[in-house]
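The values are calculated or read from the model by the stated rules, or taken from the named source; none is laboratory data. Bear in mind that the values here come from a model prediction, so they are computed numbers and not experimental data. Every residue, glycine among them, receives a Cβ derived from its backbone with ideal geometry; neighbour counts consider all protein chains shown. The accessibility values were calculated without ligands, DNA or RNA, using every heavy atom of the protein model including side chains. Shrake-Rupley method; radii C 1.70, N 1.55, O 1.52, S 1.80 Å.
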Amino acid sequence: MSTRPLSIEVYVAPMRPYTYPGQLGEGEVATWAPSSSTLISGPTEGILIDALLTFENADQIAAWAKRFGKKITGVYITHGHSDHWLGLARLLQHFPEARGYAAPEVARRAAWEAEFNKTSKYWTSRFPGELPETPVVPEVLNTDEIRVDGQVVNLIHVGQGDVEGSTIFHVPSADAVACGDVVYNNVHMMMYEADEAKRAAWIASIDVIAALNAKIVVAGHKSVGAPDLPENLAASQRYLRDFTILAKKGGTVEDLVHGMLQLHGERDQPHTLWISARAEVARRAPTAAIGQFR
């Protein structure tokens, strides 16, 4: 067993265009958010956190991870949104000795999304030809303790992020945490499924992460080159609170978008803000039915 601290490396897939079926707002451009995959490794072994979405994502993660020369023993998924696990089938082809895992609540959501896409074509219509016809859903992980070269990585069930049933991975020896979409880094935050009450729970989830006092905080969606600093915890909470304050003022989708851009215009991926604003305004109607996806 190694006593050396585990190492943390982060790959970021850049923001990119995709096929958006809805009507865009004035000045809105349909782009997919920059997304991260994290390599946690010791002297000989490593695990990956999140497999991302497309064939290209998986191929690039694999090529990047192989450069470190570690045996990849598993790929662990932070939450059930498909853009963090649909790349698993392709990624495991690159690492045939590894398997994909997730907490029970994450695996359930991933399985639900796989079935949903069979009938709705939600993901395959947005990324035609870029996704597996038969996805590999992560296996259920029935432990909260993962060993990498004998050192512990802890899975923590924080609950609410940009989707319910979110988890994070804490690496005590590296003072690091891989947060999935509980934390964002210089990217507009997705609130399609997060109403005011869930945003409050989301803020509480970030408090759980903050209590770990990690020095390295890896966000699930982060700008290319953005440093993985603990300051992103408070920044994410501030964004959620600002969105709620502006949403309570009423007004149009455009009002909410422009108000947030005045406060957080430096962030990448404003398309996500438009999606969140449309969902929030739709929730005001007593019979609002905005569905499960953006």
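Between the labelled values [x] 18.3, 59; [y] 24.6, 77; [z] 24.9, 92, the entry that holds Rg and Dmax of the Cα atoms in Å as derived from this structure is [x].
Restriction of the trypsin sites (Lys or Arg not before Pro) in the range 238-278 to DSSP coil positions whose beta-carbon has at most 15 other beta-carbons within 10 angstrom yields 249.
For residue 4 and residue 241, a Förster radius of 35 Å and the Cβ-Cβ distance give a FRET efficiency of 0.30, rounded to the nearest 0.05. Spin-label pair residue 29-residue 140: with each label point 7 Å from Cα along the Cα-Cβ axis, the two points sit 4.4 nm from one another. Using C-alpha pairs under 8 Å with a sequence gap of at least 6, the mean separation divided by the residue count of the range 172-264 gives a relative contact order of 35 percent.
When we measure straight from the Cα of residue 215, which lysines land under 27 angstrom away, once same-chain ones fewer than 8 places off are left out? Within the straight-line cut-off, residue 215 pairs with 66, 70, 71, 198. Here each label is just a point 7 Å from Cα along the line to Cβ, and for residue 94 and residue 213 those points are 3.6 nm apart. A full extension of the chain between residue 18 and residue 120 corresponds to an added length of 35.0 nm, given 0.36 nm per residue minus the alpha carbon distance. Volume of the convex hull of the range 84-170 (Cα atoms only), normalised per residue: 106 Å³. One decimal place: the segment residue 152-residue 67 gains 28.3 nm when fully extended, by the rule 0.36 nm per residue minus the C-alpha distance. Working from label points 7 Å from Cα in the Cα-to-Cβ sense, the residue 229 to residue 164 distance is 3.5 nm. Working from Cα pairs under 8 Å separated by at least six residues, relative contact order for the chain is 17 percent. Looking only at Cα atoms, what is the convex hull volume of the range 173-246 per residue, in Å³? Per-residue hull volume (Cα only) is 80 Å³. Every Cα-Cα pair of the range 8-112 was included, and the share exceeding 23 Å stands at 30 percent.
In the chain, helices alone account for a calculated mean residue ellipticity at 222 nm of -10500 deg cm²/dmol, with every DSSP H run of four or more residues adding -39,500 (n - 2.57).
What a 1.4 Å probe finds exposed on the chain is 53% carbon and sulfur by accessible area, rounded to a whole percent. Out of all Cα-Cα pairs in the range 123-170, roughly what percent, to the nearest whole number, are more than 14 Å apart? Value for the range 123-170: 68 percent of Cα pairs lie more than 14 Å apart. When exposed loop sites are taken as GluC sites (Glu not before Pro) in a DSSP loop with at most 15 other Cβ atoms within 10 Å, the longest stretch of the chain clear of them is 134-265.
Averaged per residue, the range 46-192 has 35 square angstrom of accessible surface, using a 1.4 angstrom probe with ligands and nucleic acids left out.
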